[in-house]
Each structure stands twice: as structure tokens, then as C-alpha cells.
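Have a look at the structure below before the remarks.
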């Protein structure tokens with residue numbers, strides 16, 4: 001991974017999460033970084049768009065637009081929360097090699113799968129990310145279970 | 001899986017693939033079935049919408065709209081092509097238990113992963129599905145590689 005400032009880029013993912021929360025949505029955000037520059041950003045759209053596929057990572061990839069297979073291999077995802085199986089699958093599909101994760105305390109996605117695929121994961125353990133999700137899950141357990149497909 | 005008519009439902013997925021082709025898109029289609037009824041349908045939207053996340057399965061799930069975790073567990077996906085890692089991850093996220101696949105000759109997705117997760121796969125080996133993709137890949141190799149994230 002290039003020598004870049006993780007905390008500044010994670011802060012942009014956090015800004016996306018906060019934007020989602022302000023819209024009444026689930027506070028998870030993501031930015032797509034290529035050569036140290038943010039080329040796409042997004043946040044969970046379950047409430048806002050009624051989307052079942054636009055988790056933060058997916059929304060950010062969608063907003064980034066079409067890239068070549070070679071470009072994807074040079075991208076890093078900054079996501080405020082550990083990626084679920086769907087988002088991990090998208091990382092694998094596109095051969096993304098680096099994922100920086102805000103926190104994996106409130107939810108742990110498919111990190112074992114990603115590591116087995118050779119993806120480098122960096123866990124920031126960011127208190128703001130943890131706080132956003134802790135509050136949201138406490139206040140919206142049914143919605144959270146829907147978002148991760150878990151029976152209550 | 002309920003005793004239902006696979007070929008009639010797969011035919012609806014094929015109709016989605018053909019619709020995509022007529023729009024100038026990649027000919028892969030999918031329908032979501034609950035209790036023997038189609039509750040959502042879609043097709044690959046890479047060309048039409050410039051989407052990098054709307055593979056056929058994802059488009060069909062998105063068009064189906066929000067379901068409860070329990071509802072997803074009772075759904076069957078009918079897809080004309082073996083599901084890629086992203087779509088397989090979505091199947092895992094939502095706990096979908098049955099996937100009926102038109103063909104896995106032109107592309108084999110994450111079938112091993114899905115089986116290891118307890119998903120029942122039924123391969124139809126449908127000649128129309130094979131023919132649609134064989135022709136498309138021959139005529140559009142770069143586009144196809146982009147769709148599955150593979151370097152040429």
C-alpha cells in the first residue's frame with residue numbers, strides 16, 4: 001500500500017457515515033482511493049433509497065463508476081465498518097488488494113475470507129466509528145438485523 | 001426447495017437476459033422467487049446504467065426491494081449464469097438457500113463457496129444461456145473481462 005495518511009482518508013469515510021445518519025440512514029461510510037486520491041465515496045442507502053445492495057462499500061464503488069480491472073487492483077477501500085459477505089465478495093470480484101476498516105467491534109464481516117484471498121486489512125479501531133454504530137444498533141436493532149440479513 | 005417448475009422460472013431469467021441484450025447490455029438475467037412466485041427480476045446493468053454493482057442477481061435483489069431476513073431465507077434465485085463472488089456474497093449475506101443456475105460453462109463463479117455455506121445449487125445447463133454468453137464474450141471480450149474483474 002502506498003505511504004498515505006490513513007486517518008485523513010478514514011475521516012472522509014466517517015464524514016460519509018455522518019451524512020448517512022443525518023439523512024436518517026444507517027451510519028456506515030466508505031471512500032475509494034486510487035494513488036492517494038479519493039475517486040469515489042458513498043454511504044449505506046437502505047433507508048434513503050430503499051436499497052438492499054447499496055451498503056457503504058457498494059455505494060462508493062457504484063459512485064466511482066466503471067474502472068478497468070487494472071485500476072481496481074490499485075485501489076484501496078476505506079470503510080467505517082468491517083465489510084459484510086456481499087461487500088467482501090465485491091472486493092474479491094474486482095481484485096481490490098487493500099481495505100482499511102474503521103472498526104470491527106460492533107460487527108465483524110468476512111475478514112477471514114478476505115485475508116485468505118490475499119487482501120491486506122488494516123483495522124483502525126476508530127472510536128467515532130464504534131460510537132456511531134453502537135448508538136445506531138441500540139436504537140434500531142430490527143433495521144440493523146435487516147441490513148446484515150440476521151434473524152433477530 | 002418447493003416442488004416447482006425450474007424450466008418455466010429459468011425461462012423468465014432468460015427473458016431478462018434477452019432484454020438486457022436488446023438494450024445493448026450484457027445478457028445475464030435473474031429472477032427472485034418466493035413461494036413459487038416471481039417477486040423481483042433484473043438483468044446486468046453495466047452498459048445501460050454504467051453500474052459496477054448491478055450484476056443480474058444484484059439488480060433482481062434491488063428490484064425486489066427490502067425483505068425481512070426470514071423472507072430471504074425462503075427465496076430461490078434463478079440466474080442464467082453461475083454467480084460471481086459479489087453475487088455469491090449477497091446470497092450469503094441474506095441467507096438465500098437455493099440458487100438455480102442456467103449454465104456454468106462460459107463462467108464458473110463461487111459455486112464451491114456457496115456449497116460450503118450450505119446453499120443448494122441446481123445447474124440447468126441450458127443451451128440458450130450458453131449460446132447467449134458464448135456469442136457475447138466472443139464479440140465483447142474486453143467488456144466481459146471488465147464485468148468479472150479479470151485482467152485480459
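Just so you know, all these numbers are worked out from the coordinates, no wet-lab data involved. Because the structure is predicted, anything quoted here is derived from the model rather than measured. Here the Cβ positions follow ideal geometry from the backbone for every residue, glycine too, while neighbour counts run over all protein chains shown.
Details
- With label points defined 7 Å past Cα in the direction of Cβ, position residue B:15 shows copy-to-copy spacings of 4.7 nm, given to one decimal and shortest first.
- Residue of chain A whose Cβ sits closest to the axis mapping A onto B, with distance in whole Å: A:89, 1
- Ranked list, fewest to most other Cβ atoms within 10 Å of each Cβ, for A:116, B:68: A:116, B:68
- P(r) weight above 19 Å for the range B:6-148, C-alpha pairs, percent: 43 percent
- Shape call, the range B:10-75: gyration tensor on alpha carbons, a/c limit 1.5: oblate
- With contacts taken as Cα pairs under 8 Å and at least 6 residues apart, chain B reaches a relative contact order of 18 percent.
- Counting Cβ atoms of other protein chains within 10 Å of each residue's Cβ and taking the mean over peptide A:87-99 gives 6.
- With a 10 Å cut-off around each Cβ of B:119-126, the average count of Cβ atoms from other chains is 0.
- Once the gyration tensor of the Cα atoms in the protein assembly as shown is diagonalised, the equivalent ellipsoid follows with semi-axes of 31, 22, 16 Å, ordered largest first.
- Per-residue average of Cβ from other chains inside 10 Å of B:7-15: 0
- Within the protein assembly as shown, helix-based [θ] at 222 nm, where runs of 4 or more DSSP H residues each add -39,500 (n - 2.57), nearest 500: -12500 deg cm²/dmol
- Only beta bridges with both residues in the protein assembly as shown are counted; by DSSP, about 55 percent of them are antiparallel.
- Placing a label point 7 Å from the Cα of residue A:134 along the Cα-to-Cβ direction, the distances to the matching points in the other copies come to 5.9 nm, shortest first.
- Here the relative contact order of the range B:1-76, from alpha carbon pairs under 8 Å that lie six or more residues apart, stands at 25 percent.
- Bridge orientation summary for chain A: considering DSSP beta bridges with both residues in this region, about 55 percent are antiparallel.
- At 7 Å out from Cα toward Cβ: residue B:37 inter-copy label distances (nm, ascending): 5.1
- Based on Cα contacts under 8 Å between residues 6+ apart, the range B:54-119 shows a relative contact order of 35 percent.
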